[in-house]
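Following: one structure in structure tokens, then a few remarks.
The values are calculated or read from the model by the stated rules, or taken from the named source; none is laboratory data. From a predicted model like this one, the values you see are computed outputs, not experimental measurements. Here the Cβ is made from the backbone with ideal geometry for all residues, glycine too, and neighbour counts use every protein chain on show.
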Amino acid sequence: MTTPQPESPLLGQGAGVYREEPVLRTLRPHFLSAWFHQVPSGPARQTAVIPDACADLIWFGGKLLVAGPDRQVSFESVPPGSTVVGLRLQPGSVAPWFRVPANEMVGERVPLDFLWNGQTQRLLDSIGDAHEPAVVSLRLQTALDRMARRPNRFSTLCARTVIRIEMSPIF
């Protein structure tokens, strides 16, 4: 009698529906693309995620997490019939958005709330009860766009410092 062999992992983009789209024009300095993966129904299988040197903000199962850049293939457990929505970050965008250097995020999957100290709920509220990938993506992008337009304390302090330097007499 032969023992059944475990199923091989699925290639992340190779099963179900995978699609990438441009992000809102105003977010393009921060994000490369929006993507979603609808995992097919059927038996549970791991998904192989191939390294692309990018970090992603991911909505999955009603939660938000940050996937750091990978150096090697990672294997993710995504239940059959699930939908995963992500925004792929531009190089150099991890630290400004998540207040942690990208090299500290390599190979990590971190709940966004851990990085944003309770501010994640605003994004989740903006997504609301949406489940269609295009709707989730648009609502997430719209909320992030509003955040990107708000000056933060650091950028305001930098701008004031530059103005003071420019206005000071040169000796």
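Quick rundown of the values:
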item	result
Where a residue in region 79-95 is closer than 19 Å to Leu65 by Cβ and its partner, wherever it lies, is among the hydroxyl-bearing types (Ser, Thr, Tyr) and surrounded by fewer than 22 Cβ atoms within 10 Å (Cβ to Cβ), with Cβ under 6 Å and at least six apart	Arg88/Ser33
Residue match in region 58-77 (condition: in contact with a strand residue (DSSP E or B) (Cβ under 8 Å, 6 or more places away or on another chain), charged (D, E, K, R), within 18 Å of Glu132 (Cβ to Cβ) and touching a residue at least 12 places away in the same chain (Cβ under 8 Å))	yes
Tally of residues being in contact (Cβ under 8 Å) with a residue 60 or more places away in the chain and acidic (Asp, Glu) across region 21-57	1
Residue that is closer than 20 Å to Val23 by Cα and touching a helix residue (DSSP H, G or I) at 6+ places or on another chain (Cβ under 8 Å), where the choices are Val84, Val135, Val66	Val66
Scan of region 16-35 for residues that are at pLDDT 85 or above and in contact with a Pro (Cβ under 7 Å, 6 or more places away or on another chain), ordered by number	Ser33
Only listed residue being in contact with a helix residue (DSSP H, G or I) (Cβ under 8 Å, 6 or more places away or on another chain), of a type outside the set (Ser, Thr, Tyr) and modelled with pLDDT under 95, chosen from Gln72, Gln5, Gln38, Gln13	Gln38
Count of region 41-63 residues which are among the aliphatic types (A, V, I, L, M), outside any strand (DSSP E or B) and either at pLDDT below 90 or surrounded by fewer than 20 Cβ atoms within 10 Å (Cβ to Cβ) (or both)	3
Residues within region 84-119 that are surrounded by 13 or more Cβ atoms within 10 Å (Cβ to Cβ), of a type outside the set (A, V, I, L, M, F, W, C) and closer than 20 Å to Leu24 by Cβ, tallied	5
Qualifying positions in region 75-97 - under 16 Å from Ile58 (Cα atoms) and either touching an Asp or Glu at 6+ places or on another chain (Cβ under 7 Å) or of a type in the set (A, V, I, L, M, F, W, C) (or both)	Phe75, Val78, Val84, Val85, Gly86, Leu87, Arg88, Leu89, Val94, Trp97
